[in-house]
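> Sending over a structure as structure tokens; questions will come in a sec.
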Amino acid sequence: MKKFKIPHKFQFTSIIALYAQWMREGKLKVSSDWNKDLKIKFTVQDPCNIVRKTWRQQAADDLRYVVKTIVGEENFIDMVPNGINNYCCGGGGGALQAGYTEQRRAYGKIKFDQIMATGAQYVLAPCHNCHAQIHDIGHHYGGHYQVSHIWTLMCLAMGILGENERTYLAEDLKEFGL
Amino acid sequence: MAPPIELNEMEPEFKEMVKERVPNANFDLCLTCGTCTAGCPASELFDMDPRKLVRMLVLGLDEEIRKTEWAWVCTMCGRCSNACPMKVDIPKLVFNMRGSWPRDKRPKGILGSCDKHIKTGNAMGVPTDDFIWTVEDVAEEIRNAQPQFKDMQVTVDRKGAYMAINQNSREPVTEPDELGPLWKILHTVGVDWTYPSVMWAGENYCLFLADDEGWRYILEEFVDHIDNTLKCPMVVNTE
């Protein structure tokens, strides 16, 4: 909208910023108690368009605040580097649809190595492109991590995740809380 | 090893064209330090990297710039320009390289998604009625299955809602059950929200295709619908 100078009356924000705001305001009561004994480890991808290219460090901070609240600070392992310096997953810019599969996977090797170095069992990917690419490189390079949406874990933590909403949970959480 | 750069037949027209469109691109300020290249996951793919690309641009190797397929494996992630001490805008260069390809020669997957988006409002090409049907069907299922959500409202085009939400069209189309968790969160918080029916999808392949006209059309239709029909003061993208 800025690029084309299209005037608009509405404000524009991301769901991550709102999650963080609602949690801080107490409107969204999420606890990490569910993971206190399970100690399942999580990491998170910084989507380029949300973090580096739009809301910068604020988005990276909000993202971590949200994820840590859901899974517990001690169960969150950040990638290195992270935030505005994180690497692109390699699925962005239309790469998943561009047809250059071999190059896309070579690009994603850095992301794969970053994830493996965290040792996390779950990667939370708040962007559909990142989600698909991180899943694909995990499969391709033989990683055993699970890629999930933030809303899945948030609902799991609040005890409201339905039985049919668990496609992106591994066996360890498929039945949890049902 | 890459062949040496031939300085003969230099035509620095491409650089001038991009500079006209991106006045702050700073191509001539490049120090050739290579910070961009060191931190770029696409370095070496198709025997190309960001520093080399900027050198080629400055040297006027227009033909090579126009034809390298690297334009489509760089994701325009912005890590190079973020780290660049001179703020050389490499992603916008790549965007303009993509735009210099004849439209029908650009990758079919991106082209198809862009065309579908212009026509149907989403990159999957799903008719709006199907989207609405899916949303209502999944919502009804949740209301029946989980009594604590029996009052959960999910609407499309509800005028005057505070928030309009758009999300990736793959979610309603290929994994409709993934819609539920977000709705439950919104319901729990008590958010006054709706889905727009016009350009309802959050993705934008016309941007990736470097189709300015298509990109602008999608945005204009969306802004008009939100501002003038729904009058929502807040727009939220889920990605």
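The values are calculated or read from the model by the stated rules, or taken from the named source; none is laboratory data. No experiment lies behind these values; they were computed from the predicted model shown. Cβ placement follows ideal geometry from the backbone for every residue including glycine, while neighbour counts extend to all protein chains displayed. Just the protein is used for accessible areas: all its heavy atoms, side chains included, with ligands, DNA and RNA removed. Shrake-Rupley method; radii C 1.70, N 1.55, O 1.52, S 1.80 Å.
> Hey, could you check the range A:89-118 for residues that are buried (at least 20 other Cβ atoms within 10 Å of the Cβ) and at positive phi and say which is farthest from the other protein chains (Cβ to nearest Cβ)?
A:GLY90
> Here are B:PRO172, B:PRO176: which of them is over 30 Å from B:GLY99 (Cβ atoms) and at pLDDT below 95?
On the way: B:PRO176 fails: at pLDDT below 95.
Sole residue among the options that is over 30 Å from B:GLY99 (Cβ atoms) and at pLDDT below 95: B:PRO172.
> Here's a follow-up. Inspect the range B:130-152 for any residue being of a type in the set (A, V, I, L, M), within 13 Å of chain A (Cβ to nearest Cβ) and within 27 Å of A:HIS8 (Cα to Cα) and give the result as yes or no.
no
> Cβ-Cβ under 9 Å, sequence separation 6+ or interchain: first residue in the range B:228-239 and at the interface with another protein chain (Cβ under 8 Å from one of its Cβ atoms) and among the aromatic types (Phe, Trp, Tyr), partner assigned to a loop (DSSP other than H, G, I, E, B) and open to solvent by 50 Å² or more (accessible area, probe 1.4 Å). Which pairs?
Filtered contacts from the range B:228-239: no entries.
> I'd like the full set of residues that are more than 15 Å from B:GLU239 (Cβ to Cβ) and either within 14 Å of another protein chain (Cβ to nearest Cβ) or assigned to a loop (DSSP other than H, G, I, E, B) (or both), limited to the range A:32-59.
Across the range A:32-59, the qualifying residues are A:SER32, A:LYS36, A:ASP37, A:LEU38, A:LYS39, A:ILE40, A:LYS41, A:ARG56, A:GLN57.
> Being under 12 Å from A:VAL147 (Cβ atoms) and either open to solvent by 40 Å² or more (accessible area, probe 1.4 Å) or facing chain B (nearest Cβ under 8 Å) (or both): is that true of A:GLN121 here?
So A:GLN121 passes the test.
> Restricting attention to the range B:130-148, and to residues there that are assigned to a helix (DSSP H, G or I) and over 25 Å from B:ALA201 (Cα atoms), which single residue is least open to solvent (accessible area, probe 1.4 Å)? Walk me through it before giving the result.
Within the range B:130-148, the first condition is being assigned to a helix (DSSP H, G or I), and the residues that meet it are B:130-145, B:147-148.
If we keep only those that are over 25 Å from B:ALA201 (Cα atoms) as well, we get B:144-145, B:147-148.
Values: B:ASN144: 115, B:ALA145: 75, B:PRO147: 92, B:GLN148: 105 Å².
Ranking the qualifying residues of the range B:130-148, first place goes to B:ALA145.
> Same structure again: One residue is enough: does the range A:165-173 have a residue meeting the conditions open to solvent by less than 10 Å² (accessible area, probe 1.4 Å), in a loop (DSSP other than H, G, I, E, B) and in contact with a His (Cβ under 7 Å, 6 or more places away or on another chain)?
no
> Let me ask you something else. From the list A:ASN82, A:ASN86, which residue is more than 7 Å from chain B (Cβ to nearest Cβ), open to solvent by 50 Å² or more (accessible area, probe 1.4 Å) and touching an Asp or Glu at 6+ places or on another chain (Cβ under 8 Å)?
Working: A:ASN86 fails: open to solvent by 50 Å² or more (accessible area, probe 1.4 Å).
Selected residue: A:ASN82, the only one of A:ASN82, A:ASN86 that is more than 7 Å from chain B (Cβ to nearest Cβ), open to solvent by 50 Å² or more (accessible area, probe 1.4 Å) and touching an Asp or Glu at 6+ places or on another chain (Cβ under 8 Å).
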